[in-house]
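Read through the structure below, which is laid out as structure tokens, and then see the notes.
Every number in this text was worked out from the coordinates using simple rules, so none of it is lab data. The structure presented is a predicted model; accordingly, all values stated were derived computationally and were not measured. So basically every Cβ, Gly included, is an ideal-geometry build from the backbone, and we count neighbours across all protein chains shown.
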């Protein structure tokens, strides 16, 4: 069986028709992982028992001629920031090196209820903080398209696993670009749903007003299938929205003719790599050729998105990460003589450098005397960013941008300059701050054969339109 | 704004991090560099712009009601015990670095 050619529907159909079994499919992926992952580093933990039990369940349904659920037998990987009952979950951090969650993340539970086979937990930047997967406490991930380069981050393991056929789909999380940017670096599809579209229950929190869970897949159709399975109100997450879940797959084939697609000049300025520009502009032309109207728009506060993000996200993170104190779970420093020493040492030993940097920045921004100048100011600028999108969406149905200013950079290239790493998020953070959905779809390669991503941003809860545009592009390309 | 060594110490205390000398030095440099960049936010006039703490405040909220009734979507009255049973005691202790079977054990709380 050629893993490269498989899609979610093809895999499920093959298991249903008993041309293959879910068990042999899982075993084929495990064999690929064993062969390929030593040079990629995508997986942190494999969950073979759980996977094979689920596969057996699907096989027994197929054997009885019963209809499989929508992801029946489909092998998937889960970013290690989502808890999985009984399966070690580390968030890419040593502070949770031995943590075995007592419960499942809702998105994972829904995928399993839909028949998916959870192969294991995927490597990521520590607590989802990073744009290259070099902040993982365990090991970096190598881009399957060029092993000397980063896969992007923080869902680097998720993107690499799908790109290298070590999972048919993966769940990632996005707070500042962590699904879309690695998808673009690895040449796969990455969808970040609207804030509140997918429950955050079981997602180890980084920034609670920004975090989203979403799929990384080989095709747009696969992303639509996964989204349909995981989206929807969850009483366990008070921020999950009471908005009905459309049939995203049925919506895909609707025509894109006469849709108005915005191109924002602020995303095409200097700093955009010329090869990336070429690929994205060609993609825009292709969509114009499909009958879409290309409309220039402006998002004037774009240049303020990164500083806003790095205050809001770090402030929220400093609060969310306060729970890691060595008391109830995770790493505890053994040489502490007092409770206070235990807190400080456990945290200082357990957290990596980038996490500490962000906790410090966030704590500073929230501290007395600085709260107004930093946190409150950033929250006001956030409103301005949202208004930019509201204005633009009065004129267009979706907005086209490059996903990232460059293609994948080399491992080690940006580790010594945190600010330069932060600027890599420049095209992705705006959508996180505004709460809107975005998808990255592969749109070509640079001269060095590195993938380039086209990003399509949409209105709140209008994943159907961005999926439709992405699908139309994918079919035309 | 210029971050000083004293600021780094103060913030590290607030954040409960026992930083090493080297870490303090690097963080001093990094915080200053990042905050220098963040300072450009002060270029924007945000008088009369309300702060946005939650994008999801904008959907699900019942604007016709006041107080916590506006957020009725976030709670349920029909469940007496909560949405589901609490984590069983032994499961809650499962990941603990040190317990006596009932409580989490930690080093002495009060320093003398």
Filter result for the condition that a residue is within 19 Å of residue A:278 (Cβ to Cβ), within 14 Å of chain B (Cβ to nearest Cβ) and either in contact with a helix residue (DSSP H, G or I) (Cβ under 8 Å, 6 or more places away or on another chain) or crowded, with 24+ Cβ neighbours inside 10 Å (or both), over A:426, A:456: A:426
Segments classed as helices (runs of 4 or more DSSP H), wholly inside region A:240-320, with at least 3 members that are away from every other protein chain (no Cβ under 11 Å) and touching a strand residue (DSSP E or B) at 6+ places or on another chain (Cβ under 8 Å): A:274-289
Residue count for region A:428-477, restricted to those that are in a helix (DSSP H, G or I) and touching a residue at least 60 places away in the same chain (Cβ under 8 Å): 18
Of all residues in region B:32-55 being touching a residue at least 24 places away in the same chain (Cβ under 8 Å) and surrounded by fewer than 20 Cβ atoms within 10 Å (Cβ to Cβ), the one that is farthest from the other protein chains (Cβ to nearest Cβ): B:32
Failed condition for residue A:197, given (1) under 21 Å from residue A:92 (Cα atoms); (2) within 14 Å of chain B (Cβ to nearest Cβ): (1)
Failed item in (1) away from every other protein chain (no Cβ under 13 Å); (2) out of contact with any strand residue (DSSP E or B) (no Cβ under 9 Å at 6 or more places or on another chain); (3) under 11 Å from residue A:398 (Cα atoms), with residue A:466 passing the rest: (2)
Within region A:337-378, tally of residues that are assigned to a helix (DSSP H, G or I) and within 29 Å of residue A:415 (Cβ to Cβ): 25
Restricting region B:1-25 to residues that are facing chain A (nearest Cβ under 8 Å) and outside any loop (DSSP other than H, G, I, E, B), the residue that is farthest from the chain's Cα centre (by Cα): B:23
